[in-house]
């Protein structure tokens, strides 16, 4: 049997269509399974507490969480509107994040590039890093008071080390050949950093940003729990002290949404900055 | 005799080979404007190994590349030929000996020298155009001018239309062309090449070799071309230096008197004179290759020196 060009073409078209359909079907199944998981967990939680198998006084209830959220939106919290609490927590987290990232990148590249500096400072950095940094929160509250600066400081410290170590490692991992090549092509020391060191450390730095933003929020919330006049952390402590699990969950839900939004924005930034990478790799990252 | 130098065409052993040799010498002669020679005398390079011992990569190496000459350096794996190139490039300093480029001692990286690496040294996050334009940009040429020049060089190496691609979107051979354009755009008087076509398949390698010769012929920089492919060395070079198994030193130097232009490197391999030279040089190289091979397969003898 011989195949004509047309036969081959129709067969290829059919195969392509089939694989596209399989792809779509798979995606629908995945989404359906995701929704089912959510429904089972939330629904189960609701039913178990309604049937009193677990005590809603300790575990709260999904409907209670929704009621609490509505109450916050309509009447505000004890410390002012819910939007103000969110705004303050985000302000603290973002400031800590921005300063921490900037400081981490600058110090990481400096110490990664200048051997002398890294030899001098590495034991101290290791020592500070060994400290559970949350305990610094209490010190910052004492130093900087109950305002937002103590929370920004705690966020900063948490973010700084994550970004610093990644930037430092990224600089150390730069392909020696790339550096030798641009040096021979005539690059000055600054040009080497700008054209080779920074871009090649960038994928390390960007990878650290995902974790770093989580830490920024942790810093802000923990700082608020330790002592504050406003913010989501304060809302959580208050709810906890009033034996109101729904309030704790409602605040947690808000934080979760904020963190996921930030994560999504960072992924967008990452995809934009690393658009030069081979396609397969970016797809794997996005999945 | 450790340093046995054979110079074809000057020994007078065969009058037949004297003539073409002189002909080609006259047009590569030292008078070439802008060309600089390379001179290694008594170069020794020792490295400190992580366990604190000294490792000698090169020992008392002497080699001269005349201005505008294409010199191939062949030797077994690990004989220090790449180390010699990094020294000439100024990326590293010799432990002993003097190294001159264009008559002046090498003291760090100098402009006028280009290097083509064995592995890809193209920056993966830059486009092809930006990769080629790097050289002029580092030298302070305005961006527009540098890009125009890069475009021109990409046309020369046959990659017009690929300016906006990233290196990973190109084949191995195309990436080598980009590297070549990036190296030549600075109009070097010294071109150092470290097994530049080593990773390519045989056909692509032959094509790239032909193009390299054509481009070299237009600007005539002095070339030091490291390879372990003897056929490639003879087909391309004016002079072939054989390096001993490490620590490397020059065992013998052969002048290749095949007339230029050489034409296709695939065909020159069948010329009687090519085969004759190949036989001669291989006799000398084989010993070193065997020694290097024996070292990797048996228990290493103590590093005596």
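Every read-out reported here was derived from the displayed coordinates using simple, explicitly stated rules and does not represent laboratory data. All values derive from a computational prediction rather than experimental measurement. All Cβ positions, glycine included, derive from the backbone under ideal geometry; neighbour counts span all protein chains shown.
Some values worked out for this structure:
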| quantity | calculated |
| --- | --- |
| Neighbour-count order for A:126, B:176, fewest beta carbons within 10 angstrom listed first | A:126, B:176 |
| The range A:189-262 and the range B:167-223: distance between their alpha carbon centers, rounded to Å | 50 Å |
| Antiparallel bridge percentage (DSSP; both residues within the protein assembly as shown; nearest 5) | 50 percent |
| For residues of B:91-97, the mean tally of beta carbons on other chains within 10 Å | 1 |
| Mean separation of Cα contacts under 8 Å (6+ apart) over length of chain B, as relative contact order % | 26 percent |
| For the range A:155-287, the fraction of alpha-carbon pairs in successive 5 Å shells from zero, as % | 2, 9, 14, 15, 15, 12, 10, 8, 6, 4, 3, 2, 1, 0 |
| Cα centroid of the range A:144-167 to Cα centroid of the range B:82-141, whole Å | 42 Å |
| Gain on full stretching of the segment that runs from residue A:273 to residue A:38 - 0.36 nm per residue minus C-alpha separation | 81.2 nm |
| Neighbouring partner chain Cβ atoms per residue of A:171-180, average, 10 Å criterion | 3 |
| For chain B, convex hull volume per residue from C-alpha positions, Å³ | 151 Å³ |
| Shape category assigned to the range A:1-96 from the gyration tensor of Cα positions, a/c cut at 1.5 | oblate |
| Antiparallel bridge percentage (DSSP; both residues within chain B; nearest 5) | 50 percent |
| Average projected area [Cα convex hull, the range A:60-286], square nanometres | 15.1 nm² |
| In nm, spacing of pseudo-spin labels at residue A:266 and residue B:96 (7 Å Cα→C-beta vector) | 5.6 nm |
| Fully extended contour minus Cα-Cα distance, from residue A:121 to residue A:256, at 0.36 nm per residue | 45.0 nm |
| Sorted by Cβ density within 10 Å, fewest first, the residues A:115, A:271 | A:115, A:271 |
| Ranking of A:149, B:189 by count of other Cβ atoms within 10 Å, fewest first | A:149, B:189 |
| Rg and Dmax of the range B:129-265, Cα atoms only, in Å | 16.2, 48 |
| C-alpha long axis of helix B:272-297 to longest principal axis of chain B, angle in ° | 80 degrees |
| Of B:248, B:112, B:52, the one that fluctuates the most in a GNM where chain B has Cα springs shorter than 10 Å | B:52 |
